[in-house]
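Notes for the one structure printed next.
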Amino acid sequence: MANPFQFIQEVRAEAGKVTWPSRRETGITTGLVILMVIFASLFFVLVDQGLRLIVTFILSFGH
């Protein structure tokens, strides 16, 4: 990497070989990621609330 100009040329050549996703593919993938985040959030909220109820129920026997 002694010659920065040659390095930049090689980087541009390699970037030209990349198959970039289309705008439609990017939109679909983004939508699916957002949908999975929503589902995961709902799942963990439900599990957290369920565990909270179970622990509260078990601890109520001590009173």
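The residues on offer are 28, 8, and the sole one that is surrounded by 10 or more Cβ atoms within 10 Å (Cβ to Cβ), among the β-branched types (Val, Ile, Thr) and at pLDDT 95 or above is 28. Only one entry in 16, 62 is loosely packed, with under 10 Cβ neighbours inside 10 Å, modelled with pLDDT under 95 and part of a helix (DSSP H, G or I), namely 16. Tell me, yes or no, whether the range 34-53 has at least one residue that is assigned to a helix (DSSP H, G or I) and either among the basic types (Lys, Arg) or at pLDDT below 95 (or both). The answer is yes, given that some residue of the range 34-53 is assigned to a helix (DSSP H, G or I) and either among the basic types (Lys, Arg) or at pLDDT below 95 (or both).
The values are calculated or read from the model by the stated rules, or taken from the named source; none is laboratory data. Bear in mind that the values here come from a model prediction, so they are computed numbers and not experimental data. With ideal geometry, Cβ positions are generated from the backbone for all residues, glycine too; neighbour counts draw on all protein chains shown.
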